[in-house]
1. Return the residue satisfying two criteria in turn: it lies in segment 5-37 and is under 18 Å from the mean Cα position of the chain (by Cα) and within 9 Å of the ligand (Cβ to nearest atom), and of such residues it is surrounded by the fewest Cβ atoms within 10 Å (Cβ to Cβ).
2. State all residues of segment 67-94 that are at pLDDT 95 or above, surrounded by 15 or more Cβ atoms within 10 Å (Cβ to Cβ) and more than 15 Å from the chain's Cα centre (by Cα); if no residue qualifies, say none.
3. Right, R172: touching a helix residue (DSSP H, G or I) at 6+ places or on another chain (Cβ under 6 Å), touching a residue at least 12 places away in the same chain (Cβ under 8 Å) and either crowded, with 19+ Cβ neighbours inside 10 Å or in a helix (DSSP H, G or I) (or both) or not?
4. Name the residues in segment 127-169 that are hydroxyl-bearing (S, T, Y), touching a residue at least 40 places away in the same chain (Cβ under 8 Å) and out of contact with any strand residue (DSSP E or B) (no Cβ under 6 Å at 6 or more places or on another chain), would you?
5. Going residue by residue through segment 38-54, is there one that turns out to be surrounded by fewer than 22 Cβ atoms within 10 Å (Cβ to Cβ), farther than 22 Å from T179 by Cα and either away from the ligand (no atom under 11 Å from the Cβ) or among the hydroxyl-bearing types (S, T, Y) (or both)?
6. Can you say whether G64 is at positive phi, within 14 Å of the ligand (Cβ to nearest atom) and either touching a residue at least 12 places away in the same chain (Cβ under 8 Å) or surrounded by fewer than 18 Cβ atoms within 10 Å (Cβ to Cβ) (or both), as far as the supplied structure shows?
7. Of the residues L186, L215, only one is within 16 Å of the ligand (Cβ to nearest atom) and out of contact with any Phe, Trp or Tyr (no Cβ under 7 Å at 6 or more places or on another chain); which?
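The values are calculated or read from the model by the stated rules, or taken from the named source; none is laboratory data. Quick caveat: nothing in here was measured; it's all calculated off a predicted structure. When we count neighbours, we look across all protein chains shown, and the Cβ atoms used for this are built from the backbone with ideal geometry, even at glycine.
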Amino acid sequence: MPILELDNLSKSYGSTTALKGLTLSVEPGSVYGLLGPNGSGKTTTLGIALGVLRASSGSVRWFGQEPSSGNRRRIGALLETPNFFPYLSARQNLLLAADVKHADPSTVDRALDLTGLGTRQHDAFRGFSLGMKQRLALASTLLGNPEVLVLDEPTNGLDPQGIAEVRDLVTRLAADGKTIIIASHLLDEVEKVCTHVAVLQRGDLRAAGPVHSILATADRVVLRPGPD
Ligand code: ATP
């Protein structure tokens, strides 16, 4: 059974059409990239899937069911950078985040381990590198031990070291069994970390399938994100 099914999703913001009948399906264990240039509809797609935006038409199913608070607990999401407390440690920040999310505090240790922050857990957030800050943001999505992670451009704004750390982490989390849905405007990022890809351009689905078949056989000029 697919983890996520989007069926014929459309979304308009006033006179702007952001999505035009998007249909896609994410299988368990995949790292599913939503690839497209700025404004192609990636954030809109993730927002509708997560229930923070309402579609103009179409439907969303998670784990074969209508979205509900029960199945939302099985999803960890990073749509925007969380606010961490600069003078608190990584561990204290995660314990607070677990409290806010009503997540089991015992999942903090696993989140620190998986993100490689275990040895720095008692250090204050303000001393962290950009990559470590973003790894802590990813750790907060792991609280409650969700099966699926939804990440909107998780390497945006990072330095090259941070980008490499976050890409490695996504690969490790996938190897740990998470299904991951990740929006990116970077072709090389999708090639490096994703198993599957849907290519969006101006709200249209241009291609979808396993990364290697889509990126090898399709016209790479069309797929390469650029100005619309
Ligand atoms: P980005 O990487 O820049 O966020 P994206 O691929 O995630 O791009 P969306 O943010 O989903 O794309 O935007 C799709 C289209 O919808 C764009 O034309 C954008 O300007 C428009 N849009 C998004 N949010 C709104 C909004 N709240 N009000 C009006 N138009 C919006």
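1. Selected residue: P37.
2. Selection gives F84, L88, S89, A90, R91, Q92, N93, L94.
3. no
4. Matches in segment 127-169: S140 only.
5. yes
6. Taking the combined requirement at face value, the residue does not satisfy it.
7. L186
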